Amino acid sequence: MANPPCIAIIGAGIFVRTQYIPRLAEISNLFKLKAIWSRTEESARGAMEIARGKSFPEVECKWGDKGLDEIIQDGSILAVAVVLAGQIQVDISLKLLKAGKHVLQAINEIETVLSTYKSIYTNSPSQPIWAVAENYRFEPAFVEGKKLLPEIGDMMSVQVIVEGSMNSANPYFSSSWRRNFIGGFILDMGVHFIAGLRMLVGCDVISVSANISHVDKTLPPPDNISSIFQLENGCSGVFVMIVSSRSPKIYWRIVGLKGTLEIGRGMQDGQHGYTVSFYGADGHSKNWFYPFSGVTEELTTFLRDVSHANLKKGSNHEIEPRLSFIEGARDVAVLDAMLESGMKNGAQIQVKKL
């Protein structure tokens, strides 16, 4: 690609080091990685060294307020991936959007940014792209699984079961993370499973009733959520999320009059991914396995949108619908409604329309 766009990464945590950098290295022909930022010099340098060993020998590290300002003021950096947790992610994304940078942001607290984004660019002839990082909508298992949905006939029931593992051997779940982030985990991770649900069924969740509980006292509350939900197509379903399970399992199951579609996480031939299973009315079943590749597909799509926008300066830009901040906001709204219902002893809550 001629004159590929320069990008930066805001964040240098384990997801950046183990997922973003390796996945970006697979598509390094689409862009130039100019900088990686973290709040601390040590963290920024650590991520930089990994990136330099993964196809990005010229990447620089930035840290602290000064480093962030340098990225904001660098006119050569067109797009930024914000990979942070909590409120700091919102504040930094807003600064970058105001500076005219295209932003790929994780899902947490998206509604706050949505309102401000609209107010900033209400009368602007050109808006920077603000995309939401939702790799589940790009996983081949969900893309291909959705194509099978018409074959199951009229939808009768939907199940989403998430039994996660919080054991200490998992590097994502340090003791401090376990103590401080579990409530955020249900929202921050739960939206991905809701995204998978909404993509597969092809319609929105309109109401929920949920119960939440706190069983593992080594974790902050809540650590479990069980919800009944109603889809706009009239079908109902259940969503169960258990944060700390000794037998991790994640699957989506849609039962229809003519068959059943199921997508479950697992491994095959040493690869992590999803198995798509179709069970027909004749008693026969078919199975397909798709390795994880959603992060790569998501990043590739975002970078292509940025390149197209750069060629059409001065006008608003079309964005791949699966990266739309509206889709991300709708995922969050479902989880927000479930948590609100849980705090109101299972009261039925209407999902906010966005």
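The values are calculated or read from the model by the stated rules, or taken from the named source; none is laboratory data. Just so you know, these numbers come straight off a predicted model, no measurement behind them. Methodologically, a virtual Cβ is constructed for each residue, glycine included, from the backbone with ideal geometry; neighbour enumeration extends over all protein chains shown. SASA here: full protein model, heavy atoms, side chains in, ligands and nucleic acids out. Shrake-Rupley method; radii C 1.70, N 1.55, O 1.52, S 1.80 Å.
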Once every DSSP H run of n ≥ 4 in the chain is given -39500 (n - 2.57) and the sum is divided by its residues, what mean residue ellipticity at 222 nm do you get, rounded to the nearest 500 deg cm²/dmol?
-11000 deg cm²/dmol
0 to 90° range, to nearest 10: angle between helix 325-343 axis and the chain longest Cα axis
50
Give me the orientation-averaged projected area of the Cα convex hull of the chain, in nm², one decimal.
18.6
Can you list the aspartates and glutamates whose alpha carbon is less than 14 Å from that of Lys353, not counting same-chain residues fewer than 8 positions off?
Glu111, Asp204, Glu232, Glu327, Asp331, Asp336
Which percent, to the nearest 5, of DSSP beta bridges fully inside the chain are antiparallel?
65
So for Tyr136, Tyr290, what's the accessible-area order with a 1.4 Å probe, most first?
Tyr290, Tyr136
Which entries in the list Lys54/Lys101; Lys62/Lys98; Lys147/Lys352; Lys146/Lys258; Lys146/Lys249 go over 23 Å, if you measure between the two C-alpha atoms of each?
Lys54/Lys101; Lys147/Lys352
Set of lysines near Lys66 by C-alpha distance (under 17 Å), chain-local residues within fewer than 8 positions excluded
Lys34, Lys95
Need one value: the accessible area of Ser93 in square angstrom, 1.4 angstrom probe, rounded to the nearest 10.
0
Please go through the range 254-325 and write out the GluC sites (Glu not before Pro) that DSSP classes as loop and that have at most 14 other C-beta atoms within 10 Å.
Glu318
Amide H contacts under 5 Å for Gly346, restricted to residues at least 5 apart in sequence or on another chain and with H modeled in the peptide plane, are Ala210
Rounded to whole angstroms and listed largest first, the alpha-carbon spread of the range 1-111 along its three principal axes comes to 33, 30, 26
Give me the distance in nm between label points sitting 7 Å out from Cα along the Cα-to-Cβ direction at Phe15 and Glu232, one decimal.
2.7
Along the range 263-278, Karplus-curve 3J(HN,Hα) (6.51, -1.76, 1.60; θ = phi - 60°) to the nearest Hz, with x for Gly and Pro, reads 10, x, 7, x, 10, 8, 6, x, 10, 7, x, 10, 9, 9, 10, 10
Leaving ligands, DNA and RNA out of it, rank Arg17, Arg137 by accessible area with a 1.4 Å probe, largest first.
Arg17, Arg137
Go ahead and run the numbers for FRET between Asn310 and Arg45, Cβ-Cβ distance against an R0 of 25 Å, rounding to 0.05.
0.25
How much accessible surface does His272 have with a 1.4 Å probe, in Å² rounded to 10?
110
Would you mind telling me which residue in Gln268, Gln230, Gln127 has the biggest mean-square fluctuation in a Gaussian network model of the chain, where springs connect alpha carbons within a distance under 10 angstrom?
Gln268
